[in-house]
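To start, the structure itself, in structure tokens.
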Amino acid sequence: MQSLFAFHQGRDANYMLALDAISQKFSPDLNAMVQPDRRQLEADRKQATALFEQVFAGHQAPQHDNPEIARAVEEALRAYHQAVQKDFAWFKTNLVSEVQRLDDLYLSVLALALALADAAALDKKIDHRNFTTNPWIGALRKTEAVNLMLNRAWSGRQADIRRWVRDVLKADATYMNYLDRRELTADDQKKMMLHVFRKLILGKTLISEYFESEILRWAEDCEIIKGMVEKTIKAWQPGNAEPLKLHALSLNWDEDREFIEKLFEGAAFLPDQYRSRIAANTRNWEVERLPLTDQVILEMAVTEMVNFSSIPVKVTINEYIELAKSYSTPKSRQFINGILDALARQLAEAGHIKKSGRGLIDNK
């Protein structure tokens, strides 16, 4: 959604740049020996701008009696479409790489627990033995990918890590009470590791502030990483002969990547027939006047309804209502719900939505 939001903004900027190019084409050359007729240039600029807008909207061919005007419009259109395609390719590639980057972020969070344990072991004032000998810390140490990330992500951050031990771990009452306990069950140790990750590393602390300053999308990424880490901790028990199992972001990356790219491309270049339906269902709102977030949500939802036959319509609607609740205006949830319900009925009646697959009833 964020990538589509940025792509929309880029497309709008490319449109304005195309208009600027037309204006430049009909601006007087101050270095010319003979000064042109400024009134004629201004008249030509207005005609070229009007023609560009008509052609862009699909209402007219790029033709004009004045070849200079026709050429200026054709060049502006060509530059616009080239810029849009370039932006699309970049966002599409970056979108996939951003998803893949979550795996590294997940490993770096796990590795940070080891880095904190190493720094805590050097504390001469307080005995952190309960934490440094925690079975889950031991299991992480035996996990090759986590150890590799420990060196890669945290080897140059010792000062920060010592500060976090002092100002985050030692400032936490739950952690300090844990250190004082003489007898700890496996369940106690698991609860402490979950607390360390949930509240101290991924909660609202100096550590989270560090991640927020380093990672643009930390607010969204944090929740995903938190879920992956919690599943990792809960899935392992001391005495288990099997090593700690890392949680996979995707069970089938090739399939998920295809879904991501297909959804992004479909929403980025949503056919006019679907854009028209969205506009028709926004009542007194023109689609261009919608909050851009709502516009993107509706375009993604329609794309998913039409292009993914194995996803039930109700699932799609519920997913995008949740997006509206999290990222749009207070009234957007009800608005999005009503529009998507209407669109789903209309698209199904028109034969654009066809659901199939095991356990699915068509269009349900």
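The values are calculated or read from the model by the stated rules, or taken from the named source; none is laboratory data. Quick caveat: nothing in here was measured; it's all calculated off a predicted structure. We place every Cβ from the backbone using ideal geometry, glycine too, and count neighbours over all the protein chains shown.
Tabulated data for the structure shown
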| quantity | calculated |
| --- | --- |
| Wholly within segment 76-161, helices (runs of 4 or more DSSP H) carrying at least 1 residues that are closer than 30 Å to Glu255 by Cα and in the same structural domain as Arg181 (by TED's automatic domain parsing) | 135-141, 144-154 |
| Count of residues meeting criterion [in a loop (DSSP other than H, G, I, E, B) and over 14 Å from Pro135 (Cβ atoms)] in segment 221-245 | 1 |
| Search result, residues across segment 64-76 that are over 16 Å from Ser23 (Cβ atoms) and in contact with a helix residue (DSSP H, G or I) (Cβ under 6 Å, 6 or more places away or on another chain) | His64 |
| Cross-chain or 6+ apart pairs with Cβ under 8 Å, segment 334-353 first and outside any helix (DSSP H, G or I), then surrounded by fewer than 20 Cβ atoms within 10 Å (Cβ to Cβ) and not hydrophobic (A, V, I, L, M, F, W, C) | Ile353/Asn363 |
| Conditions (1) under 33 Å from the mean Cα position of the chain (by Cα); (2) closer than 24 Å to Met228 by Cβ; (3) touching a residue at least 24 places away in the same chain (Cβ under 8 Å): number failed by Pro135 | (1) |
| Long-range neighbours under 8 Å by Cβ, at least six apart or interchain, first residue within 14 Å of Arg163 (Cα to Cα) within segment 115-132, second in a loop (DSSP other than H, G, I, E, B) and small (Gly, Ala, Ser) | none |
| Residue within segment 106-122 that is within 28 Å of Phe7 (Cβ to Cβ), crowded, with 17+ Cβ neighbours inside 10 Å and either at pLDDT below 95 or of a type outside the set (Val, Ile, Thr) (or both) present | yes |
| Residue ID - surrounded by the fewest Cβ atoms within 10 Å (Cβ to Cβ), chosen from residues in segment 143-172 that are over 19 Å from His128 (Cβ atoms) and among the aliphatic types (A, V, I, L, M) | Leu148 |
| Odd one out for Ile215, checked against (1) surrounded by 13 or more Cβ atoms within 10 Å (Cβ to Cβ); (2) among the β-branched types (Val, Ile, Thr); (3) farther than 28 Å from Ala6 by Cα | (3) |
| Extreme residue, farthest from Leu263 (Cα to Cα), among residues of segment 287-333 that are assigned to a helix (DSSP H, G or I) and of a type in the set (S, T, N, Q) | Ser332 |
| Any hit, segment 192-200, residues being under 29 Å from the mean Cα position of the chain (by Cα) and surrounded by fewer than 12 Cβ atoms within 10 Å (Cβ to Cβ) | no |
| Residue within segment 201-210 that is under 31 Å from the mean Cα position of the chain (by Cα) and exposed (fewer than 12 other Cβ atoms within 10 Å of the Cβ) present | yes |
| Near pairs, Cβ below 6 angstrom, 6+ apart or cross-chain, from segment 68-81 (closer than 14 Å to Gln47 by Cα) to any residue that is charged (D, E, K, R) | Ile69/Asp44; Ala72/Lys25 |
| Residue satisfying all of: in segment 30-63; surrounded by 15 or more Cβ atoms within 10 Å (Cβ to Cβ) and polar (S, T, N, Q); modelled with the lowest pLDDT among these | Gln60 |
| Residue that is in contact with a Lys or Arg (Cβ under 8 Å, 6 or more places away or on another chain) and among the aliphatic types (A, V, I, L, M), where the choices are Leu244, Leu270, Leu290, Leu298 | Leu244 |
| Val229 being among the aliphatic types (A, V, I, L, M), in contact with a His (Cβ under 9 Å, 6 or more places away or on another chain) and assigned by TED's automatic domain parsing to the domain that holds Leu110 | yes |
